[in-house]
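Here's the structure, in C-alpha cells; my notes come after.
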Amino acid sequence: MNQPAAVLWDMDGTIVDTEPYWFAAEFEIVEIHGGTWSHEHARALVGSDLLDSGAYMRKHGGVDREPAEIVEMLLDRVVAQLRIEVPWRPGARELLAAVNNAGIPASMRAVKFRDLPRNEWDPYIDVNLYGVLNCTKAVIDGMCERKWGRIITISSGAGTEGLNIGVSIYGAGKGAGISFMRHLAIENAADGVTANTLALGLMERNDPGITEDQRTVTAKIAKTVPVGRLGTGTDVGYACVYLASNEASWITGQTISLNGGSVTN
C-alpha cells in the first residue's frame, strides 16, 4: 500500500473523544448558576464556536455571566479532565505513532549538509514541501469555485535566512514551501483566495519530557529575544485568525516573520 503524502487531522472525534467532558462541564456550570440544561442543549453546541456556546448557555441555560467568562469556566473544567485522562479513540495512538514515524524524526539532528547522509534528506523535503503541496491541492479548487479562501502555511525563519546551526536541509524544505506560497498567491488572487506564510522564530516547548537542564537552556535563549520570551502557540494562533479573516483580504503572497523581533525585515 502506498504511503499517504499528507494527513489532515480532525482531532476531536478522530484522535480523541472529548464530548463527554464538554457535556459534563456544561451541566455543572448550569447547575451551579441555578439553570436547567438538557442533552438536547448539549448536543446543539457540538462543533460550535466557543463564544457562541457561551452565549447559548447564557440564553438557554440561565448562566448569568458574559460569554467569555463561561468559555473560561468550560475550558478550566475540560482541561482539568484531560490532565487526568486523555480519551483516546480506539487505535488513535497507534495511528499517531505510524504517522510520526513516517515524517520528520522526533529529534531533528543539527548536522551540516556535508555531513548529512543522502538517506536522511527526504523526510525534511517530504513534510515541509510536499506536505504543503498536497494539503493545498486538496482544497484549492473548492476555494476558487467559492471565490473565497485562505491558505496559511506555518513555516520557519530557517526558510528565510541562512543559519550556521546545521539545519540546511530543513531550511531548504521550509524555503521551498514559502516560495510555492508566493506563486500560489498570484495565481489565485483573482479568485478571492489569499496565500500567506508565517515564518516562526524560537518557540516555547512544554513537552512533559523536558529536563531541567533543557529548561535552563530555554530560559537563556529566551533572553536573546528582544521581547524577552519565546513564542507560543497562542501567538501563532492569533496571527492565523487575522490572516484567515475578511479583514486580511488585501494581504497575500507575504511571508510574515513571527519571532519577537529576533530578525527584522
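What follows is calculated from the coordinates using simple rules that are stated; it is not laboratory data. The shown structure was predicted, so the numbers you read here are calculated from the model rather than taken from an experiment. Positions of Cβ are backbone-derived with ideal geometry, glycine not excepted, and every protein chain shown enters the neighbour counts.
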Three-way shape call for segment 107-258 based on the alpha-carbon gyration tensor, with the a/c threshold at 1.5 | oblate
When only Cα pairs under 8 Å and 6 or more residues apart are kept, what is the percent relative contact order across segment 107-258?
-> 28 percent
As straight-line cross-link partners of Lys223, the qualifying aspartates and glutamates (C-alpha separation under 15 Å, not fewer than 8 residues apart within one chain) are Glu204
Most exposed to least, judged by fewest other Cβ atoms within 10 Å, Tyr170, Tyr238 sort to Tyr238, Tyr170
Report the full-extension gain for the segment Arg118 to Thr14: residue separation times 0.36 nm, less the Cα-Cα distance, to one decimal in nm.
-> 33.9 nm
Which three semi-axes in whole Å describe the equivalent ellipsoid of segment 17-84, each the square root of 5 times a Cα gyration tensor eigenvalue, listed largest first?
-> 17, 13, 12
Residues with amide H under 5 Å of Ser257's amide H, sequence separation 5 or more or different chain, H placed in the peptide plane at 1.01 Å from N; which?
-> Ala199
Proxy reagent accessibility, fewest Cβ within 10 Å first, across Leu184, Leu163, Leu129 | Leu163, Leu129, Leu184
Sequence-distant residues sharing a close amide H with Met203 (under 5 Å, placed H) = Gly231
Cross-link reach list, lysines versus Lys112, counting only Cα pairs under 17 Å and skipping chain neighbours closer than eight places = Lys174
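To the nearest 0.05, what FRET efficiency results for Lys223 and Lys147 with a Förster distance of 41 Å applied to their C-beta separation?
Computed FRET efficiency for Lys223 and Lys147: 0.30.
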Ser38 to Glu161: FRET efficiency via 1/(1 + (r/R0)^6), r the Cβ-Cβ distance, R0 35 Å, to the nearest 0.05?
-> 0.05
Using 0.36 nm per residue, how much length does the chain from Gln81 to Val236 gain when fully extended, once their Cα-Cα distance is taken away?
-> 53.3 nm
Would you calculate the separation in nanometres between label points at Glu72 and Glu28, each defined as 7 Å from the Cα along the Cα-to-beta-carbon direction?
-> 1.7 nm
